[in-house]
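Q: First the structure, which I've put down as structure tokens, then a few questions once you've had a look.
The values are calculated or read from the model by the stated rules, or taken from the named source; none is laboratory data. Since this is a predicted model, take the numbers as computed values, not measurements. Note that we place each Cβ from the backbone using ideal geometry, even for glycine, and neighbour counts take in every protein chain shown. Note: areas computed on protein heavy atoms with side chains; ligands, DNA, RNA excluded. Shrake-Rupley method; radii C 1.70, N 1.55, O 1.52, S 1.80 Å.
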Amino acid sequence: MHRSLNRLEKSEFLQFFYKNAMHRLTEPIILATHGTDCLKYVSRTENSSLVASVLDVLSFAVENHTYHVKNYILSKEILQKVLLLMNPRYSFLALNALKFFRKIVGLKDEFYNRYIIKFDLMSFVIDAFVKNGLKHNMLNSAVLELLEFIKSEDIKTLIKYVCEKHITKLLTVEQCSTFKALRTKFEQQLERETTKKGDTMAGPKNFDNAARFRRDARDLDENEENYFNEEDPSDMNKPLYNSPLVVQNKVLDTKPPPNKVINSEKVMTTPLEKVIAPTDKVINTINSTLDKVITTPLDKVMSASLPALDKVISASSPLSTTLTTVMKRTNPL
């Protein structure tokens with residue numbers, strides 16, 4: 001709870017400070033870079049020291065007040081005004097201005113990077129380096145360190161921007177290998193982008209080919225395929241009526257033997273009385289047989305009735321009804 005209150009108080013304080021007091025703090029930078037008396041203003045020792053102190057405070061704010069200071073710098077164009085101090089006539093403040101710029105680049109914030117590219121702010125640094133010549137001083141060393149940082153950290157947007165717009169000026173300084181290494185880095189970046197585009201365009205096609213020729217784990221291998229494709233000679237002479245064959249979604253017309261053929265037309269055209277009549281004869285035969293069974297010893301009944309029952313079963317289709325009747329009549333025994 002205490003931490004949340006501190007954060008809230010800090011946010012409210014920064015919001016109030018950047019709205020009501022920040023313009024008073026940056027006023028020396030505005031006076032040093034605008035107006036007819038700007039050079040006269042910074043030529044005074046106390047004013048130049050004040051500007052240097054303000055730049056140090058801004059560097060601290062960039063590192064710690066990321067959101068609020070970013071909005072203020074970009075909306076008030078503070079970065080452009082600070083980089084104007086890299087003009088040779090402000091040589092005593094150029095290093096402080098470059099230090100502030102290096103702090104912003106060190107954040108590796110793409111929002112800042114796009115802002116630098118949009119307004120070509122690196123041109124102030126490159127021009128100051130070229131005009132400074134081959135002098136071995138702090139300004140040249142700071143510029144080289146800045147470009148080396150961009151290369152080593154592989155900040156792609158800034159590498160592309162510097163190489164496309166300012167590499168020609170930088171390569172005039174042949175004694176320094178940093179610029180050649182930066183150009184090599186840029187060429188490698190372009191090569192990777194080209195390769196990536198080619199892979200992206202060829203990717204789906206290669207994927208289709210791989211999928212086309214990749215064998216499914218559920219597929220049969222060559223030996224299994226040959227096993228099922230070969231025909232067993234012992235199966236060629238087997239009758240086909242036991243099970244219908246399906247070939248290409250068509251059922252083969254496998255006819256049973258002649259003695260098993262059922263004439264469906266004859267069955268459908270036979271009158272119902274002729275079909276029912278044999279059943280009455282069977283029932284009468286069963287009743288007469290049962291009467292004999294009741295008065296005849298069991299051994300004689302069984303020996304005499306078995307042939308008759310065989311005839312009944314073979315001649316009668318309603319077998320279940322007949323057997324039920326037999327069980328009821330023989331139950332007393």
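Q: What single numbered condition from (1) of a type outside the set (F, W, Y); (2) open to solvent by 90 Å² or more (accessible area, probe 1.4 Å); (3) farther than 30 Å from L98 by Cα; (4) modelled with pLDDT of 85 or more fails to hold for N237?
A: (4)
Q: State the number of residues belonging to the range 72-115 that are open to solvent by 40 Å² or more (accessible area, probe 1.4 Å), under 41 Å from the mean Cα position of the chain (by Cα) and aromatic (F, W, Y).
A: Residues that pass the stated criteria total 1.
Q: Moving on to the next point. Considering only the range 164-195, state which residues are open to solvent by less than 40 Å² (accessible area, probe 1.4 Å) and either more than 23 Å from G106 (Cβ to Cβ) or modelled with pLDDT of 95 or more (or both).
A: The one that is open to solvent by less than 40 Å² (accessible area, probe 1.4 Å) and either more than 23 Å from G106 (Cβ to Cβ) or modelled with pLDDT of 95 or more (or both): V173.
Q: Can I ask one more? Would you mind telling me which numbered condition in (1) over 54 Å from the mean Cα position of the chain (by Cα); (2) modelled with pLDDT of 90 or more S59 fails?
A: (1)
Q: Look through E63, E12 and report the one residue that is among the acidic types (D, E) and touching a helix residue (DSSP H, G or I) at 6+ places or on another chain (Cβ under 7 Å). Explain how you work it out, then say what you get.
A: Working: E12 fails: touching a helix residue (DSSP H, G or I) at 6+ places or on another chain (Cβ under 7 Å).
Among E63, E12, only E63 is among the acidic types (D, E) and touching a helix residue (DSSP H, G or I) at 6+ places or on another chain (Cβ under 7 Å).
Q: Test each condition in (1) basic (K, R); (2) more than 21 Å from Y115 (Cα to Cα); (3) touching a residue at least 24 places away in the same chain (Cβ under 8 Å) for R44 and report the one that comes out false.
A: Tallying (1) basic (K, R); (2) more than 21 Å from Y115 (Cα to Cα); (3) touching a residue at least 24 places away in the same chain (Cβ under 8 Å), R44 fails exactly one: (3).
Q: Return only the number of the condition from (1) under 24 Å from I126 (Cα atoms); (2) surrounded by fewer than 19 Cβ atoms within 10 Å (Cβ to Cβ); (3) in contact with a helix residue (DSSP H, G or I) (Cβ under 7 Å, 6 or more places away or on another chain) that V54 does not satisfy.
A: (2)
Q: Do the conditions hold for K108, that is, is it of a type in the set (K, R) and outside any helix (DSSP H, G or I)? Talk me through it step by step, then tell me what you get.
A: On the way: of a type in the set (K, R): yes; outside any helix (DSSP H, G or I): yes.
Yes.
Q: Next question, about the same structure. Checking I126 against (1) in contact with a helix residue (DSSP H, G or I) (Cβ under 8 Å, 6 or more places away or on another chain); (2) assigned to a helix (DSSP H, G or I); (3) open to solvent by 10 Å² or more (accessible area, probe 1.4 Å): exactly one of these is not met. Which one?
A: (3)
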